[in-house]
Amino acid sequence: MSTIAQDPKGYYAILGLPPGADLDAIKAAYRTRVKAAHPDRNGAADAREEFQRIVEAYAVLKDVVARAEYDLTGAACLDGGEDIAPTAPFACCGCGKVTAQPRYVIFHQVKSWLVWAKTARVEGIFCRDCADRAAAKASTASWAFGWWSPPGLLLTPWALVVNLLGGTRPRPVNARVLIRQARAFLARGETDLAHAVADQAQRYATFPEHRRQVADLLAETAPGTGRFKDRWGVIGGSFVAQLLPLAALPATVAVFALIWLKPWDEPIRTAAGIGVQAATVGEMRHAALDALKVRQDAHEGSPVLALLDRFAAVQVVETADSPEWTRVRTAAGVIGYVPTRALYGGSGDRLRREWCAENPGTLPQAGEVLMRRGSGDNRIMIHNDGRRDAVVKLKTPRGTTVVTYFIPATYHIGVGGVPEGTYRIEFAVGSRYSRACGLFVDDMEAAQMPFTLTFHHLSPVKSAALAALPEITLITAPGDPRQPLPIASDRFLGDE
């Protein structure tokens, strides 16, 4: 609110505040000071006097009109029943200009901190233009910071709607503000303004005393010849500025819902729970079942031409006479018939990730052998210094996986059972390993070591002399010549 540089009665000083402090600061300072100065707690000789001064200061400063009068004149506020005219009219707390249409308005602001939210009030005796700016500022802050907690999801829409509708305007307080403003104009001889302001005060005068004062003011003044337009009764530019993001909220929610749900990728669901869509020639589909049989003709009992792994991609060649069957071409070039309801539509990678996430199985143990095609007496040491679990594969030069190990994050494990031969080392790191799919559901990355390991038969004498185990370090320092080379996940998962 508009303030003077002085604090003649020391009301702000006794609370430890600068002149013009807002109501929240006044309440907080009063709670602190009144506890410290209470005679039951403070044994000082002047404790009782200080306590009474704090109560007196708070009685004036907590009241909106009393505080505004004190800030403007440095004197105690006129009592509601007195007829003494004030010396000057109130000015807008935003721009400092005297306004014929002042209103005490409260705007609400919400800020969130993940799990909790805090509401604040932007209040004052405003002119209409400054009230619009204060509303827009409070709403903008709520839009930016109010949504990020569960309580904020409820409080923010409430604050935005209240600000949009012009804020909270307490009727008794506004009646007092307008009656006091009308008296100030009457004391200055501006009877037409005094009459117009008193006329506006009628809308807020709910108490009998306020209605009596308004009636007296209207009787003492005469209406002006010019038309006095009520600026608070029309929609301002702030309304449109606040309404635009509020109107855009449903559209924003709809866009995020579409991005999240991706309905264009969703297959049609049947009672059996398998995705089914009408197949079109040339379309890519994905096997919905493990060991899906590709048959020579479109009926059960026909010879099986090939078996498909779950999620294997096939291309639709033509649709059969029966909608229950579809003719497809596999990645190996085999052409045959499969049941239409055994094919996924949409994104195969997304469906695969979803299925793998729903069927993770138990988490492997440290050093567990996930798959083995051969066995031997050789051992290696594997170091995983990273923060993600790893799966390490030893593959032949042609890409056939011989043995696969699970190495948890931060583990250093010696593993055995490696048969003789030359192997390239491929590994993948990630989170949430799925046994059913043999991959990491989250953040999977694959790489290959830039060297091979060769194991061959040694005599017992030479074997005893070579006591040190070959070592593989999955996470190396930048610039290390043994830095792993990134590879595609499909290559890691593939097995020639």
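At 0.36 nm per residue, minus the direct Cα-Cα distance, what do Thr422 and Leu307 gain on full extension? Give it in nm, one decimal, please. Numbers along the way, then the final one.
Working: separation 115, 0.36 × 115 = 41.40 nm, distance 3.04 nm.
Once the chain is fully extended between Thr422 and Leu307, it gains 38.4 nm.
Kindly state, to the nearest 0.05, the FRET efficiency for Thr473 paired with Ala332, given R0 = 30 Å and r defined as their beta-carbon distance. Please list the in-between numbers first.
Details: r = 37 Å, r/R0 = 1.24.
For Thr473 and Ala332, the calculated efficiency is 0.20.
For every other residue with a beta carbon closer than 13 angstrom to the beta carbon of Leu307, add +1 if it is Lys or Arg and -1 if Asp or Glu, then tell me the sum. Before the final figure, lay out the partial values.
Values: positive: Lys293, Arg295, Arg310; negative: Asp290, Asp309.
Net of charged neighbours comes to +1.
Subtract the Cα-Cα distance of Ala187 and Glu209 from 0.36 nm times their separation in residues, and report this length gain in nm to one decimal.
Values: separation 22, 0.36 × 22 = 7.92 nm, distance 2.06 nm.
Full extension of this stretch gives 5.9 nm more.
Take each of the peptides 32-41, 432-441, average the number of other beta-carbon atoms within 10 Å over its residues, and list them starting from the highest.
Ranking the peptides 32-41, 432-441 by packing returns 432-441, 32-41.
Considering amide H positions built from the backbone, and no H for Pro or chain starts, which residues 5 or more places from Gly94, or on another chain, come under 5 Å of its amide H?
HN-HN under 5 Å from Gly94: Cys127.
Report the extension gain between Ala436 and Ala88 in nm, rounded to one decimal, defined as 0.36 nm multiplied by the number of residues separating them, less their alpha carbon distance. Don't skip to the answer; put the middle values down first.
Values: separation 348, 0.36 × 348 = 125.28 nm, distance 8.24 nm.
Gain on stretching Ala436 to Ala88: 117.0 nm.
Taking the highest mean first, how do the peptides 335-341, 13-19 order by number of other beta carbon atoms within 10 angstrom per residue? Can you show the working numbers first?
Working: 335-341: 20.4, 13-19: 16.0.
Peptide ranking by packing, descending: 335-341, 13-19.
Could you calculate the FRET efficiency of Ala144 with Gln52 from 1/(1 + (r/R0)^6), where r is the beta carbon distance between them and R0 is 35 Å, rounded to 0.05? Please list the in-between numbers first.
Values: r = 44 Å, r/R0 = 1.27.
That pair, Ala144 with Gln52, gives E of 0.20.
Please work out the C-alpha center-to-center distance from segment 82-138 to segment 31-76 and express it in whole Å.
Going from one Cα centre to the other spans 24 Å.
So, R0 is 41 Å and r is the distance between the beta-carbons of Gln296 and Asp385; what FRET efficiency does that work out to, to 0.05?
Working: r = 53 Å, r/R0 = 1.29.
In this case the efficiency is close to 0.20.
Sequence-distant or interchain residues sharing an amide H contact under 5 Å with Leu343, placed H: which?
Amide H neighbours of Leu343: Ala288.
List the residues, sorted by chain then number, that are 5 or more residues from Leu370 or on another chain and whose placed amide H is less than 5 Å from its amide H.
For Leu370, whose amide H was placed from the backbone, the distant partners under 5 Å are Thr404, Tyr405, Phe406.
When only alpha-carbon atoms are used, what values of Rg and Dmax, in angstrom, describe segment 82-184?
16.1, 53
Give the aspartates and glutamates reachable from Lys9 as a straight Cα distance under 17 Å; neighbours fewer than 8 places away on the same chain don't count.
Glu49, Glu50, Glu56, Asp63, Glu69, Asp71
Place a label point 7 angstrom from the Cα of Arg398 along the Cα-to-Cβ direction, then list the residues of segment 423-449 whose backbone nitrogen is under 20 Å away.
Within reach of a label on Arg398: 423-426.
None of the figures in this text is laboratory data; all of them are computed from the coordinates on show. This is a predicted model, so every value here is computed, not measured. So basically every Cβ, Gly included, is an ideal-geometry build from the backbone, and we count neighbours across all protein chains shown.
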